[in-house]
Amino acid sequence: MGAQRSLLQVLEDICNVDVDAVDPKVICCDTMLKPEYRDMFLDKVEKHGSEGWEETVKFCSSNLENISGRVLVQVSPRHVYDSEAVLSQFYAYDGAFKEAAIKISVTGPSMAAAKKLNSEGIRILGTSVFSLAQAIAASQVDCLFISPYFNEVAAYSDDSLMHHSEDPALTHPMASRLIHIFENYARLYHQTGGMQPVVIASNANIGEVIATAELGCQHITILAHHLKELAETPFDDAVLAKYPILKDPGPKKQEPYYDSTDHLAGPKWDGTFASTEQDWPADNGAAVTKAMESDPAVVRKMKDVLGAFLGAEVRAKKAIEEQLAK
């Protein structure tokens, strides 16, 4: 009899598992500022500091040889509403990270820039996707990936905001929007023959990880401590009873998966879904901007996610510039 498999190994039979984690050779703000990595931080600032603090962040490209598959590199969230600034930083990052997919939050201006970049072979991941309009815009500009946040961003630091239930795939308010994205991508593929963006889900707990696999995400981004938990959980009868989808990963044909409801839209929603006939990237993404601004759920979630990204950038900038000043 072979060794018992882990929950992580079984999950990998259903979808691709992407690592949302760092080690001493992969530098991001929260890692590089830790005392145990101080020598590495000082060495990189000394080598790259003359190029400016923002260029210094590119030193993580030295770790590419340690990573298999696509690397995802996120440009500054300061630029998500400025298409020209997006283009400038994307070109700089493309020079350091060949074959990477460069991430940018999906807004009107960022998708207008992404249309040009994707046509030039610089592949884009549209992140911070919370609505069907954003997802369709990413498809129309030929993004390679999109990353819907299944979870509430603030749930990472505030457990009261985390969704807890026996079956988040049925009860989570983002489940219906994720299904709307899948349904429209499937329809667009059959109508046009064009490949649609690969969906990479972001999650805040194990229940959400399993739910996004159940809903049909091709890739799932998993935090380090959740990877450890999955790897250490034996796939036994108790786990199978809790997550029956892992026995037969075919989709459930029951509501709210295929209903006409948007569980995040709120009482003022008129029941109209974003149209694939609309040219979303046109006029610097004006239609995307309008749709996002009129959707309270997207407004709230974008505020949370950009606040989190900007907070990390501010800390990194301060640490690098303080060292440069010495």
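The values are calculated or read from the model by the stated rules, or taken from the named source; none is laboratory data. Given the structure is predicted, the values throughout are model-derived calculations rather than measurements. Please note: Cβ atoms are built from the backbone with ideal geometry, for glycine as well, and neighbour counts cover all protein chains shown. These area figures cover heavy atoms from the full protein model, side chains too; ligands, DNA and RNA do not enter into them. Shrake-Rupley method; radii C 1.70, N 1.55, O 1.52, S 1.80 Å.
Some notes on this structure:
- Above-threshold pairs, the threshold being 26 Å between Cα atoms, out of K34/K326; K115/K318; K103/K301; K103/K268; K228/K318; K103/K318: K115/K318; K103/K268; K228/K318
- A 1.4 Å probe run over segment 268-311, with the rest of the protein chains in place, finds 59 Å² accessible per residue.
- Segment 123-201: trypsin sites (Lys or Arg not before Pro) falling in loop per DSSP and having at most 14 other Cβ within 10 Å: none
- Taken about its Cα centre, segment 161-314 carries a charge dipole of roughly 120 debye when the Cβ of each Lys and Arg holds +1 and the Cβ of each Asp and Glu holds -1.
- Using only side-chain charges placed at the Cβ, +1 for Lys and Arg and -1 for Asp and Glu, the dipole size of segment 120-219 relative to its Cα centre rounds to 400 debye.
- Positive-end extreme of charge dipole, segment 169-233 - chosen from A231, I220, Q196 (charges on Cβ): Q196
- Note on segment 173-326: dipole from Cβ charges, positive end direction compared against W269, A297, I320; the farthest Cα belongs to I320.
- Using the Cβ-Cβ distance between L310 and K268 with R0 set to 35 Å, the FRET efficiency from 1/(1 + (r/R0)^6) comes to roughly 0.75.
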